[in-house]
1. Could you grab me the full set of residues in the range 64-86 that are in contact (Cβ under 8 Å) with a residue 24 or more places away in the chain, open to solvent by less than 60 Å² (accessible area, probe 1.4 Å) and not basic (K, R)?
2. Filter the range 214-256 down to residues that are within 22 Å of Q162 (Cβ to Cβ) and among the hydroxyl-bearing types (S, T, Y), then give me how many there are.
3. How about the range 255-278: which of its residues are surrounded by 13 or more Cβ atoms within 10 Å (Cβ to Cβ) and touching a residue at least 60 places away in the same chain (Cβ under 8 Å)?
4. So which residues in the range 235-254 are assigned to a helix (DSSP H, G or I) and buried (at least 16 other Cβ atoms within 10 Å of the Cβ), if there are any at all?
5. Applying the selection to the range 210-231, what residues are under 17 Å from A261 (Cβ atoms) and either open to solvent by 40 Å² or more (accessible area, probe 1.4 Å) or without any contact (Cβ under 8 Å) to a residue 40 or more places away in the chain (or both)?
6. Which residue is nearest to the ligand (Cβ to nearest atom), if the candidates are limited to the range 8-28 and must be open to solvent by less than 50 Å² (accessible area, probe 1.4 Å) and part of a strand (DSSP E or B)?
7. Run down T82, T77, T49 and say which single residue is within 17 Å of Y106 (Cβ to Cβ), away from the ligand (no atom under 14 Å from the Cβ) and of a type outside the set (D, E, K, R).
8. Determine which member of the set R45, R61 is open to solvent by 10 Å² or more (accessible area, probe 1.4 Å) and under 21 Å from L16 (Cα atoms).
Amino acid sequence: MSELHVPAIQLNDGNLIPQLGLGVWRVDDAVAERVVSEALEIGYRHIDTASFYQNERAVGRAIAASGISRDELFVTTKLWNTDQRDPHGAFHASLERLGLDKIDLYLVHWPVPTKGTAVGAWRGLIELVGSPECDSIGVSNFEIEHLTELQRETGVVAAVNQIELHPLHQRRELREFCADRGIAVAAWGPLGQGITDLLQRPAVTGAAAAHGKTPAQVVIRWHLQHGTIVFPKTTHRERMIENAAVFDFALSEAEMAAIDALDAQHRLGGDPYVFTGE
Ligand SMILES: NC(=O)c1ccc[n+]([C@@H]2O[C@H](COP(=O)([O-])OP(=O)(O)OC[C@H]3O[C@@H](n4cnc5c(N)ncnc54)[C@H](OP(=O)(O)O)[C@@H]3O)[C@@H](O)[C@H]2O)c1
């Protein structure tokens, strides 16, 4: 069993989160156990799942089989939109599926403003956090308006906001807002989900050639140097190793600036103002 020496980021509640992990969206339950087992074996200690991904049981089986002590692992899962009226029930169902005694980070998956149930859900998470079963709480896909509403209504600031974030969609205003409030930003779709030409852009391929790294490693490094938490998804063992081999080089200011200049506000996923998932 290897170790990766991934730096940790301290959240506004004092807890630590490994800055790099593995995401498992669209990893079928049938293969997720193999994928997570390989990642843990390679040295990953941070897994990002969600009840919506329907692979919490497989993630839990891989964790149980790994023999890694629980306090070395960081597991995030998320409250799905249709469960916002029953956050405690959904949380305990996730805990049961994962086969864990505790979830490190529990997120409200989407703000679903058209339903008006996110503040109630957030109140539920506030009741859970700090119990032996839940260390940290946060949100995902929340825009400034949605974060402001949570803080105004409850006074409790999320520890993390997990948002679509990659060089083609950089969310600068939202990132600044989060930084001002101590909300850590986590990127989903960090590699542009493999459906854009991001990894072929000269700013990325040029830096890759200069450092003897791959385009994916350069993009992951760009996230890390911006202080973002990142968990690229892959089902391939070689890519898990590749995506984690990003702590032995640094992009120069000019290389960072060239990638910063790729922002095109090119959103790949749902619009948080209207997305319901239905
Ligand atoms: N909160 C939310 O609403 C939300 C939404 C989406 C995702 N997420 C989370 O964020 C995680 C990551 O985002 P994502 O899965 O959407 O997209 P992503 O990590 O940006 O991209 C994944 C894609 O990139 C490919 N890939 C991975 N490593 C690569 C490499 N080294 N070189 C070339 N291609 C590579 C993968 O292919 P292979 O698998 O074939 O290697 C896959 O097609 C998810 O798994 C999930 O945990 C959260």
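1. Across the range 64-86, the qualifying residues are S66, I68, L73, F74, V75, T76, T77, L79, W80, N81, D83, Q84.
2. Looking only at that region, the number is 3.
3. Within the range 255-278, I259, D260, L262, D263, H266, R267, L268, G269, G270, P272, Y273, F275 meet the criteria.
4. Those that are assigned to a helix (DSSP H, G or I) and buried (at least 16 other Cβ atoms within 10 Å of the Cβ): M240, I241, E242, N243, A244.
5. Listed by number, the residues that qualify are A210, P215, R221, Q225, H226.
6. Checking each candidate, the answer is G23.
7. T82
8. None of the other options fit; the residue is R45.
The values are calculated or read from the model by the stated rules, or taken from the named source; none is laboratory data. All values derive from a computational prediction rather than experimental measurement. Note that we place each Cβ from the backbone using ideal geometry, even for glycine, and neighbour counts take in every protein chain shown. What goes into the accessible areas is simple: the full protein's heavy atoms, side chains included, and nothing from ligands, DNA or RNA. Shrake-Rupley method; radii C 1.70, N 1.55, O 1.52, S 1.80 Å.
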